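The values are calculated or read from the model by the stated rules, or taken from the named source; none is laboratory data. In this text, all values refer to a predicted model and were calculated from it rather than measured experimentally. Cβ placement follows ideal geometry from the backbone for every residue including glycine, while neighbour counts extend to all protein chains displayed.
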Amino acid sequence: MKLFDKILIANRGEIAVRVIRSAKKLGIKTVAVYSDADEDALHVYMADEAYHLGSNELHDSYLNMDKIIRTALLSKAEAIHPGYGFMSERAEFARKCKEAGLVFIGPDPESIHLMGNKIEARKFAKSLNVPMTEGFTGTHKDLKKAAQNMDFPVLLKAAAGGGGKGMRIVRSIEELDMAIETTSREALNYFGDGSIFIEKFIENPRHIEFQIIGDHFGNVVHLFERECSIQRRYQKIIEESPSPTLTEEVRAKMGEVAVRIGKGINYKNAGTIEFLVDERLNFYFLEMNTRVQVEHPVTEEVTGIDIVEEQIIIAAGNPMRFKQSDIKQKGHAIECRIYAEDPERNFMPSPGTMNAYHEPSGNGIRIDTGIAKATTIHSFFDPMVSKLIVFGSDREIARKRSVAALKEYVIHGIKTNIPYLIALLEDKHFINNKISTNYCDTQSQGLIDKIEADKKDVPEHIVIFTFLMFSLNNKNGKVGPSVWERIGYWRHNMEIVVVLEEKEHTISIKKITGKQYKFELNGTSYFALLKNIECQSIEIILNDFHYKAHIFYEKTGDTWLNLNGNIFSLKRKDILTEEKILGSGTDGEFGGTISSPMPGKVIKLSKEEDSNFKKGEVLLIVESMKMENNILAPFNGKLIAYKVKVGDMVDGSSQLVDFEIAEEKVEA
């Protein structure tokens, strides 16, 4: 079998780590590239060589084709793996690799060009008699004219789009103008092409995709399907294989269509054919992604095929190592995407610095990530932190194992969607497979309410005593001295005041033995036994019940405790810490400022200075973690001046706008 000696990975994060691992299995040396922010990233340390590309501006680093190709030639790499995102579906990049004498580990430029443009891909699929919905493209005026002859809702999509970007549902003709403008701008920003098209939106569809692989000898096979219906803002957050929706008959038909498309374009390497499936199991071609997908691990788990390894082997000129009849689905796999975002604040991006990171482990658990410890999540990259992939003999076992693993997944310092994922997997709609692509739109508020209710249902004494058992027995030196330690002895009976979520509790403590304690709270006695304590975790027996928690202290004495996925803040008032004074400011009575709620980049100023605005109007748009975030007016008022301009980078406290609040009219 022919293999490369060395390959360069033109990507970052978990997919770069993923490619390095498969390359190492094959004995292939790897070359990493990185921007300023990724100097200490995991993929940089794992690769055999690493080269600095440039600043954190993507055009200066991960989107700079010429720099990457020069680096590949300098390092004497023979091939480039693009991962996903960035330049993985840029036909020009694949062509430049070929011209430089480098192998592009992916399909040929012609396939990328044809299937990368949704309009051309639809024309091609239609020529193969592949079922699809009707769609139209053209100028802003053309799209408005087409929409007048269509039933709403309709869907606007970037012609060169992917990854859920550049898509928008429009439910009325009145929304169309702004939606076309915004979608076109997103398309130009993300893909360098502002072309969009309009199609009929299928209500309550399933999103199901088929993984295909082709080689240079005319062989194309599918590796069965993935159900990707759990999406938010068109980005998938939970994927599973096999789909619990398809019948064997429909599965066979969809697989045949996927292979037909692959053979029709003489497809080489890994790719994905995506379909929408309606409530009657009719399926419609959606698009083709000419790259490895974020969710490829669930297919690997149920088929036993390393897709990235096959990509490399096929790109080196070898025939694929299996036939369609060799590929079977076994068991069930679920992937959860861990995002740096705050579900309770409308999933606002939550970049920042972690102060604790702990991954779950165990049978059937796999973590794909680009980090190995607490780190900084930057605003100029995608908000995905990692992927949790769980395998079980059937869907229910995989689901329960996923919930248990998520409860063991600890990330402190930034907000994540872990509590949301737990609530989703425990929701009856998911358990009974009563889902569609609009599930998150209709159920998210109920899930968030459940997160809050579940947290409130945890008895306060369990949280307090678990925290105290850790605090009293912690030997890692990260906690400041207590009043009792300063006095120099352990009192037979101590009283400690603990602040739990801003509420004070006075606890009486008696040490019975080295590991046994008696606590009293509000006149009730409890007995606790220390089972195990580590750097940031503890296991105790409290009144015959077993509890395990993960705990992290900050220098201020504030503590974060994770118990079954619920995060609580606590503090001992007797701990001697330096006071940390936080500055604060107040807006004026009749005016003030609006500050950025997250780090990001200003991409549009929506109003004229010295103009009036109404509460809820969009004042400006800040892009963070590849998402546009509308900054809305909190009151009726007058915009005095913008304190930023388009292109400015802002942090989580940057002042954006000066304004005056309009005086309210009082009825006589």
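Residues that are touching a Leu at 6+ places or on another chain (Cβ under 8 Å), closer than 15 Å to Gly138 by Cβ and outside any loop (DSSP other than H, G, I, E, B) within the stretch 180-210 comprise Ile180, Thr183, Ile196, Phe197, Ile198, Glu199, listed in sequence order. Annotation note: of Ile448, Ile422, Ile418, Ile431, the sole residue that is farther than 18 Å from Trp560 by Cβ and in contact with a helix residue (DSSP H, G or I) (Cβ under 6 Å, 6 or more places away or on another chain) is Ile448. Where helices (runs of 4 or more DSSP H) sit wholly within the stretch 384-478, those with at least 1 residues that are within 29 Å of Arg206 (Cβ to Cβ) occupy 395-408, 418-425, 428-431, 439-457. Selection of first residues in the stretch 506-525 that are assigned by TED's automatic domain parsing to the domain that holds Leu468 and of second residues that are in a loop (DSSP other than H, G, I, E, B), restricted to Cβ pairs under 8 Å at least 6 apart or on distinct chains, gives the following pairs, ordered by first then second residue: Lys510/His492; Lys511/Trp490; Lys511/His492; Lys518/Ile512. For the stretch 194-252, a residue qualifies if it is over 17 Å from Lys263 (Cβ atoms) and of a type in the set (S, T, N, Q), and the qualifying residues are Ser195, Asn204, Ser229, Gln231, Gln235, Ser241, Ser243, Thr245, Thr247.
Just one of the listed residues (Thr272, Thr290, Thr245) is under 28 Å from Asp427 (Cα atoms) and at pLDDT 95 or above, and it is Thr245.
For Gly304, the requirement of being assigned by TED's automatic domain parsing to the domain that holds Met254, surrounded by fewer than 17 Cβ atoms within 10 Å (Cβ to Cβ), more than 27 Å from Phe93 (Cβ to Cβ) and modelled with pLDDT of 95 or more is met.
On inspection, Lys373 passes the criterion of being within 22 Å of Glu341 (Cα to Cα), out of contact with any Lys or Arg (no Cβ under 7 Å at 6 or more places or on another chain) and of a type in the set (Lys, Arg). Residues in the stretch 165-175 that are out of contact with any Lys or Arg (no Cβ under 6 Å at 6 or more places or on another chain) and either closer than 24 Å to Val294 by Cβ or in a helix (DSSP H, G or I) (or both): Lys165, Gly166, Arg168, Ile169, Ile173, Glu174, Glu175.
Scanning the stretch 56-78 for residues that are in contact with a helix residue (DSSP H, G or I) (Cβ under 6 Å, 6 or more places away or on another chain) and under 20 Å from Ser22 (Cα atoms) gives no hits. Contact annotation: no residue pair with Cβ atoms under 7 Å, 6 or more positions apart or on different chains, pairs a residue in the stretch 20-34 that is on the phi > 0 side of the Ramachandran plot with a partner that is in a helix (DSSP H, G or I).
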